[in-house]
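Just below is one structure, and these are the notes that go with it.
The values are calculated or read from the model by the stated rules, or taken from the named source; none is laboratory data. Predicted, not measured: the structure shown is a model, and the values here were computed from it. Reconstructed Cβ throughout: ideal geometry from the backbone, glycine too, with neighbour counts over all protein chains shown.
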Amino acid sequence: MTKREAGKFERKERDFYATPEEPIFKLLPELLAYSTFAEPMCGDGAIVKTLESRGWLCPWISDIEPLDDMLPRANMTCEVDMVTGTDLLDCDVIVSNPPWPLPPNKLEGAERGSPTVQIIRHLMALKPTWLLLPSDFMHNRYFEDLVPYCHKTVSVGRVSWQGNGKKGYDNAVWYLFESSRVNPNPWFRPNAEPTDIYHPSIEDLL
């Protein structure tokens with residue numbers, strides 16, 4: 001889950017880390033505009049259970065391998081890219097904790113940012129999509145093409161993913177992606193190629 005101690009910790013199978021309540025609580029004020037949500041990477045249903053216990057409804061639940069009591073509730077057992085807009089007609093928004101980007105030594109020919117970037121591109125075309133990701137995600141070059149579709153972020157800080165009270169190494173952030181509208185004035189300047197420029201006041205002196 002972290003790149004701070006690369007090679008020290010093996011990533012869990014399918015990159016499954018149950019989402020604690022604390023980071024979900026930090027997103028609640030942003031979800032007041034919605035009544036229903038979809039969880040297309042539900043895992044053990046941590047997000048589903050937390051939001052449903054506070055009044056939100058979840059008409060769509062899916063995962064490649066739903067766990068525990070999510071298995072009988074799942075609308076479909078599938079990869080996230082098989083979820084369609086028709087599946088989510090009754091959902092206002094997507095809320096999920098997806099797999100985080102693979103480290104370079106695990107890409108095996110895949111593009112940088114995989115599989116997270118592909119997941120974002122697919123889901124943001126279906127519904128407004130809140131995803132819990134590392135804060136460093138926005139500082140990588142592969143985020144540049146996503147900047148116009150990233151409309152808001154909510155800082156979470158470090159998360160205790162193991163449920164043992166010990167915080168992880170990476171800060172986490174909720175990102176809101178939506179491709180149906182483009183932010184004409186992106187709030188964030190991506191980590192693009194550096195540009196050497198001069199102030200206009202000295203242009204005539206050059």
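Tabulated results
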{"read-out": "Region 22-35 residues that are surrounded by fewer than 17 Cβ atoms within 10 Å (Cβ to Cβ) and in a loop (DSSP other than H, G, I, E, B), paired with ones that are modelled with pLDDT of 90 or more and not basic (Lys, Arg) (beta carbon under 7 Å, 6 or more apart)", "value": "35/56; 35/57; 35/92"}
{"read-out": "Residue 163 over 16 Å from the mean Cα position of the chain (by Cα), at pLDDT below 90 and either assigned to a helix (DSSP H, G or I) or buried (at least 18 other Cβ atoms within 10 Å of the Cβ) (or both)", "value": "no"}
{"read-out": "Residue satisfying condition, being surrounded by 14 or more Cβ atoms within 10 Å (Cβ to Cβ), farther than 16 Å from residue 18 by Cβ, free of Cβ contacts under 8 Å to residues at least 40 places away in the same chain and among the hydrophobic types (A, V, I, L, M, F, W, C), within set 102, 126", "value": "102"}
{"read-out": "Qualifying residue in region 70-93 (condition: in a strand (DSSP E or B), in contact with a helix residue (DSSP H, G or I) (Cβ under 8 Å, 6 or more places away or on another chain) and under 17 Å from residue 127 (Cα atoms))", "value": "yes"}
{"read-out": "When residues of region 104-138 are limited to those that are assigned to a loop (DSSP other than H, G, I, E, B) and charged (D, E, K, R), the one modelled with the lowest pLDDT", "value": "108"}
{"read-out": "Residue within region 107-117 that is surrounded by 18 or more Cβ atoms within 10 Å (Cβ to Cβ) and hydrophobic (A, V, I, L, M, F, W, C) present", "value": "yes"}
{"read-out": "Options 64, 47; residue that is buried (at least 22 other Cβ atoms within 10 Å of the Cβ), touching an Asp or Glu at 6+ places or on another chain (Cβ under 6 Å) and β-branched (Val, Ile, Thr)", "value": "47"}
{"read-out": "Some residue of region 170-180 being under 23 Å from residue 112 (Cα atoms), buried (at least 20 other Cβ atoms within 10 Å of the Cβ) and hydroxyl-bearing (Ser, Thr, Tyr)", "value": "yes"}
{"read-out": "Any chance residue 89 is of a type in the set (A, V, I, L, M), at pLDDT 95 or above and touching a Pro at 6+ places or on another chain (Cβ under 9 Å)", "value": "yes"}
{"read-out": "Members of region 20-40 that are touching a helix residue (DSSP H, G or I) at 6+ places or on another chain (Cβ under 6 Å) and under 15 Å from residue 129 (Cβ atoms)", "value": "38, 39, 40"}
{"read-out": "Among residues of region 60-69, those that are in a strand (DSSP E or B) and either over 24 Å from residue 20 (Cα atoms) or charged (D, E, K, R) (or both), counted", "value": "1"}
{"read-out": "For residue 45: the one exception among (1) on the phi > 0 side of the Ramachandran plot; (2) in contact (Cβ under 8 Å) with a residue 40 or more places away in the chain", "value": "(2)"}
{"read-out": "Evaluation of residue 55 against (1) loosely packed, with under 13 Cβ neighbours inside 10 Å; (2) in contact with a Phe, Trp or Tyr (Cβ under 7 Å, 6 or more places away or on another chain); (3) modelled with pLDDT of 90 or more (one fails), failing number", "value": "(2)"}
